[in-house]
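Participant: For reference, the structure I am asking about is given below.
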């Protein structure tokens, strides 16, 4: 059960609800949003139902949620949440490119990646100062020096920074630098860490666990939200299956399920999902067409010399959609320029298209003849969704002409 307080509710009103819940043998977890406060109740639901909570001062309404996750469920918050990472808004109404080095190896390497990211149109800088690795002999990151380098990159480029925190004791000092705290796949069920970042005031990017179901992923987000932090971005980064041709198996269907089940924004990391840089572009395009709220990409100026995950890293030229370093992008493995994936194009075209295909909006009058048609695919009204999606993908993700900013007819 969740209690939604009025915008005018006072601290005394909130404390009164908490007190009554404790008297009933339950626990109350308060989450303060920008305009309203919600209180998640844990305990005997039948007993809570018998309480006159609706009549308490400051209470707007009470929601009974059948899902095991309460605070992140769509039932609680039908309107999708937009999370602010620094000045950047991440949510359904935008499409963000997060790019940067998988691991911060040196000041020069990180700065080259950061400049490549901002020049390509990325809106958030990624970079790992702390790196949990499978082998204890692998590069573990630069730690505190890595955070200092990320701060320098932000000062130089203006991009907000997302970086991973791997231990509860590090949350406070990582949060001093980071604009967003990342919980990596290996820590998705590190419950002590989830609780700690839930008590911070920074947005949290939560990656899906290697073998986690969507429900387990959302339950991990619930740990963060239950502690008062609802500024959460989910990241689908592939799951481990029997397939060995790729590093992981990118579960775009799971990404869509997470969007439908939760009000949180969901992005995709095709770099870690595939483990091969030539597969990053096709999967970035697939994520875009599937309706992801953004993509997260690894960038390195010399992937063959990278200390961490070089095989999946894009060069600055590849990030810009120009792998040969000259002329237009022509190969089908080339990555669309980050600025071509930027939210202005998505807001103007792709978001409306996928909304129409899902049947959420009515068709609009568009085109010089004012005929009713699908804006980006050109498919007429009544076209079966799978054909309209194919037409949209073909027009937006051309393998033959490259994916340049001019390809967007907006």
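Participant: How many Å³ per residue does the convex hull of the Cα positions in segment 39-112 occupy?
Facilitator: Roughly 181 Å³ of hull volume per residue.
Participant: Is the C-alpha gyration tensor of segment 209-277 telling us rounded, prolate or oblate? Criteria: a/c under 1.5 is rounded; beyond that, a/b larger than b/c is prolate, otherwise oblate.
Facilitator: Note, shape of segment 209-277 comes out prolate.
Participant: What is the antiparallel percent of DSSP beta bridges lying wholly in segment 83-341, to the nearest 5?
Facilitator: 15 percent
Participant: With only alpha-carbon pairs counted, each pair once and no self-pairs, how large is the Kirkwood hydrodynamic radius of segment 115-203 in angstroms?
Facilitator: Here the Kirkwood hydrodynamic radius works out to 13.6 Å.
Participant: Could you please rank 262, 200, 35, placing first whichever residue has the fewest other Cβ atoms within 10 Å of its Cβ?
Facilitator: If I rank by nearby Cβ atoms, fewest first, I get 35, 200, 262.
Participant: If you don't mind, there's one more thing I want to ask. Quick check on segment 83-341: what are the equivalent-ellipsoid semi-axes from the Cα gyration tensor, as sqrt(5λ), descending, whole Å?
Facilitator: Those come to 25, 21, 18 Å.
Participant: Could you give the distance between the Cα centres of segment 218-245 and segment 48-91, to the whole Å?
Facilitator: Their Cα centres are 19 Å away from one another.
Participant: Let me ask you something else. Using 0.36 nm per residue of separation minus the Cα-Cα distance, give me the extension gain between residue 304 and residue 210 in nm, one decimal.
Facilitator: 31.3 nm
Participant: Another question about this same structure. When you take every Cα atom in segment 2-63, what is the radius of gyration, and what is Dmax, the widest Cα pair distance, in Å?
Facilitator: Answer for segment 2-63, Rg first and Dmax second: 10.5, 30 Å.
Coordinate-derived values only; no laboratory data. Note that this is a predicted model, so its numbers are computed, not measured. Positions of Cβ are generated from backbone atoms using ideal geometry, with glycine treated the same way; all protein chains shown enter the neighbour counts.
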